[in-house]
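Peer 1: Sharing a structure below in structure tokens format, with a few things to ask.
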Amino acid sequence: MAADPGGLDNTEMADRPGVSASTVKNHITGLFAELHVRDRAQAVIAAYETDLVTVRREA
């Protein structure tokens, strides 16, 4: 999967690497389980709170 999916839905993400939307959904479901979250919004919050991602500062 691309490093910056840019807010794409599962089908749009699947088009990029050439995998099915159900494969993307399975990976996202696994990610949610690892982060103990129920949706994308909570996943974003968890990613920032655990320093998995950081705020990108424009120079």
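The values are calculated or read from the model by the stated rules, or taken from the named source; none is laboratory data. Here the structure is a predicted model, which is why all the values come from computation and not from measurement. Every residue, glycine among them, receives a Cβ derived from its backbone with ideal geometry; neighbour counts consider all protein chains shown. The protein model used for the area step is the full one, side chains on, heavy atoms only, and it has no ligands, DNA or RNA in it. Shrake-Rupley method; radii C 1.70, N 1.55, O 1.52, S 1.80 Å.
Peer 1: For D9 and Y48 in one chain, what is 0.36 nm times their gap in residues minus the Cα-Cα distance, to one decimal in nm?
Peer 2: Stretched fully, the D9-Y48 segment lengthens by 12.0 nm.
Peer 1: Could you give the size of the charge dipole of the chain about its Cα centre, using +1 on the Cβ of each K and R and -1 on the Cβ of each D and E, expressed in debye and rounded to the nearest 20?
Peer 2: With Lys and Arg at +1 and Asp and Glu at -1, about 60 debye.
Peer 1: In degrees from 0 to 90, rounded to the nearest 10, what is the angle of the helix 21-35 Cα long axis to the longest principal axis of the chain?
Peer 2: The helix 21-35 is inclined about 30 degrees to the chain.
Peer 1: Kirkwood hydrodynamic radius, computed over distinct alpha-carbon pairs, for the chain: how many Å, to one decimal?
Peer 2: Kirkwood hydrodynamic radius for the chain: 12.5 Å.
Peer 1: Another question about this same structure. How much accessible area per residue does region 7-59 have, counting only protein heavy atoms and a probe of 1.4 Å, in square angstrom?
Peer 2: For region 7-59, the solvent-accessible area averages 81 Å² per residue.
Peer 1: Turning to a different aspect of this structure: What distance in nm separates the two pseudo spin-label positions at S20 and H36, each 7 Å out from Cα along the beta-carbon direction?
Peer 2: Here the modelled spin labels are 3.3 nm apart.
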